[in-house]
Amino acid sequence: MGIVTSQSFKNTVTTYMGFGIGALNTLFLYTYFLTDIYYGLVSFILSTANIVMPLMAFGAHNTIIKFYSSFKTKNSLNSFLTLMLFLPLVMIIPVGLIGCFTYEAIGELLSQKNGIVKGYVWYIFISAVAMAYFEVFFAWSKTQLQTVFGNFMKEVFHRVGVMLLLFAVYFKWLDVEQFVLGVVWVYIIRTLVMKLYAFAIKFPVLKFNRIEGIRGILKYSALIIIAGSIATIILDIDSFMLGMYIPIQEVAYYGVAIYIATVIVVPSRAMQQILQPLTAQYLNDKNKVALNDLYVRSSQTLFVIGGFIFIIILININALYLLIPKEFSGGLLVVFLVGIAKLYDCLMGCNNVVLFNSDYYRMVLLFGVVLTILTIFLNMLFIPKYGINGSAFATFLAILVYNSIKIYFVKIKFNMMPFNLNTAKVLGVIVFSVLVFYFWEFPFHPIINIALKSLLATIVYVTIVIKLNVSEDISGIIKKYLNQIYNF
């Protein structure tokens, strides 16, 4: 876990940096500098682009990770990487041509509830293409076990770009139309920078030789499109469907609550960058012992960290909502439900990576198709009745079912479980901390209240975690830095 811990820590720092900037954008700059209609429009464009992105990538970013370590000669490896560079065009070009001829029909479909969407359909397509090739180039660097810069670009760069654009709107250097176009350009520039970095690490040598096992590679890529789409759909279908059923400004309100809850999975997102190539390597080498150790320890580490963030968010949510415009503060239930779902994601450890890089990825596809249908049905059922709270409940149920199925499947096929007695201990500490601190409010300004409660909760949580030694990696890192502070 040495390289995992090292790069995960660096990735966590940069990811939190990005989320800190994103929090400033989401909670304050968007809410004060843009109307809620245009805020909802940007959320709709980016959520829809995220849904389309796996299709545009044609599974190339996942395929690079899975098969890279299986090629033992330079010629075969270069031919494989050449294929991965051009493979997304197999989908991008036809979809783009179809979009040219059916633009009006697509625009009418997406703008049934909110007419403003119709003029921005091409923005969705271009953003999706930029996101797709960014993931391809990021995967390219992951194969060299270099994830920190890519993670910085993925989590920080575009948020800084959006922040600058929001200030440009505030100072009237840009109007809102130019701002929306500028957001798309930020994603394009991010992709170009990632490309330069990936090629600096390993410059492509274009080879068009025959690739051994090409049928299996293409089959995996085609099927992983659906698997990747399913994972993205579960994350973003709620915002997309809200835009189809309710006024678009409510998508903005929902987006604020979702962003708050999503902070819980920041460590997971950071750790996954290095877990992907390592898991693929262990699977290709059939190293069951190392794989099981990685599975359990990643779950324990992420559950401890994710649980801490869940506590800090939940005990401070009421004070936080006092700091933003009142119309955005109706998402308490959304934060709670989606927060639990995200905490469950942390508990999964490297489960997703194991399944996507194993020979059982077809079963994940089957599970996902069923779950996607369930997710769409639940959103259609609950959104008209309960609005954003209904969408949050649908997301909660979908993730609960999907994650439980995947954990059970890994248990059956690999005889591995991420849970143990330490998992129960951490869960107990999380519940205890929430019950103790949620109802305890200081009679001060919300910012001071948040700071004091967070400090007290941190001391209590960290002390108990160290005493119980529920994660060797977490305890080791905490003791290391405490010793450094003490010696200093």
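Please give the Cα centre distance for segment 421-451 versus segment 10-83, rounded to the nearest Å. Cα centroid of segment 421-451 versus Cα centroid of segment 10-83: 32 Å apart.
Largest first, the residues HIS61, HIS445 sort by 1.4 Å accessible area into HIS445, HIS61. Distance between the 7 Å Cα→Cβ label points at TRP173 and TYR32: 1.8 nm.
For the chain, with all protein chains in place and a probe radius of 1.4 Å, 70% of the accessible heavy-atom surface sits on carbon or sulfur.
Here MET163 and ASP359 are evaluated by their C-beta separation; at R0 = 45 Å the FRET efficiency comes out at 0.55. Given a 1.4 Å probe and the protein chains as shown, SER433 ends up with an accessible area of around 0 Å². In order along segment 206-218, the phi-based Karplus estimate (6.51 cos²θ - 1.76 cosθ + 1.60, θ = phi - 60°) of 3J(HN,Hα) comes to 5, 9, 10, 6, 5, 9, 5, x, 4, 5, x, 5, 5 Hz; Gly and Pro are listed as x. Loop-resident trypsin sites (Lys or Arg not before Pro) (DSSP state other than H, G, I, E or B) in segment 12-75 with no more than 11 further Cβ atoms inside 10 Å of their Cβ: LYS72.
Working ranking of peptides 362-369, 419-426 by packing, defined as the average number of other Cβ atoms within 10 Å per residue, highest first, is 362-369, 419-426.
In this structure TYR360 has an accessible area near 80 Å², from a 1.4 Å probe over the protein heavy atoms. In sequence order, segment 407-414 has phi-based couplings of 5, 5, 5, 5, 4, 5, 8, 10 Hz under the Karplus curve 6.51 cos²θ - 1.76 cosθ + 1.60, θ = phi - 60°, and Gly or Pro positions carry x. In this structure the chain gives 43 Å² per residue of accessible area when probed at 1.4 Å with all protein chains present.
A dipole drawn for segment 48-189 from +1 and -1 charges on Cβ atoms has a positive end, and of LEU55, TYR170, VAL184 the residue lying farthest that way is LEU55. Our estimate of slack between LYS326 and LYS202, defined as 0.36 nm per intervening residue step minus the Cα-Cα distance, is 39.6 nm. Over the chain, Cα pairs under 8 Å with separation of 6+ residues give a relative contact order of 21 percent.
Full extension of the segment from LEU333 to ILE447, taken as 0.36 nm per residue of separation minus the current Cα-Cα distance, would add 38.9 nm. About the centre of its Cα atoms, segment 72-192 shows a dipole size close to 460 debye [charges on the beta carbon of Lys, Arg (+1) and Asp, Glu (-1) only; nearest 20 debye]. Listed by chain and number, the aspartates and glutamates placed with their C-alpha closer than 13 angstrom to that of LYS219 are ASP359; residues fewer than eight positions away on the same chain are left out. For segment 276-382, the square roots a ≥ b ≥ c of the C-alpha gyration tensor eigenvalues yield an a/c of 1.5 or more together with a/b not exceeding b/c, which makes the shape oblate. Multiplying the residue separation of TRP122 and ILE93 by 0.36 nm and removing their Cα-Cα distance gives an extension gain of 9.1 nm. Rounded to the nearest 20 debye, the dipole size of the chain about its Cα centre is 1440 debye, using +1 on the Cβ of Lys and Arg and -1 on the Cβ of Asp and Glu. Pick out, from LEU323, THR395, GLN144, the residue whose Cα sits farthest towards the positive end of the charge dipole of the chain, with +1 on the Cβ of Lys and Arg and -1 on the Cβ of Asp and Glu. Highest projection toward the positive end goes to GLN144.
The values are calculated or read from the model by the stated rules, or taken from the named source; none is laboratory data. For clarity, every value in this text was computed on a predicted model and none was experimentally measured. We place every Cβ from the backbone using ideal geometry, glycine too, and count neighbours over all the protein chains shown. Note: accessible area is taken over every heavy atom of the protein model, side chains too, but ligands, DNA and RNA are not part of it. Shrake-Rupley method; radii C 1.70, N 1.55, O 1.52, S 1.80 Å.
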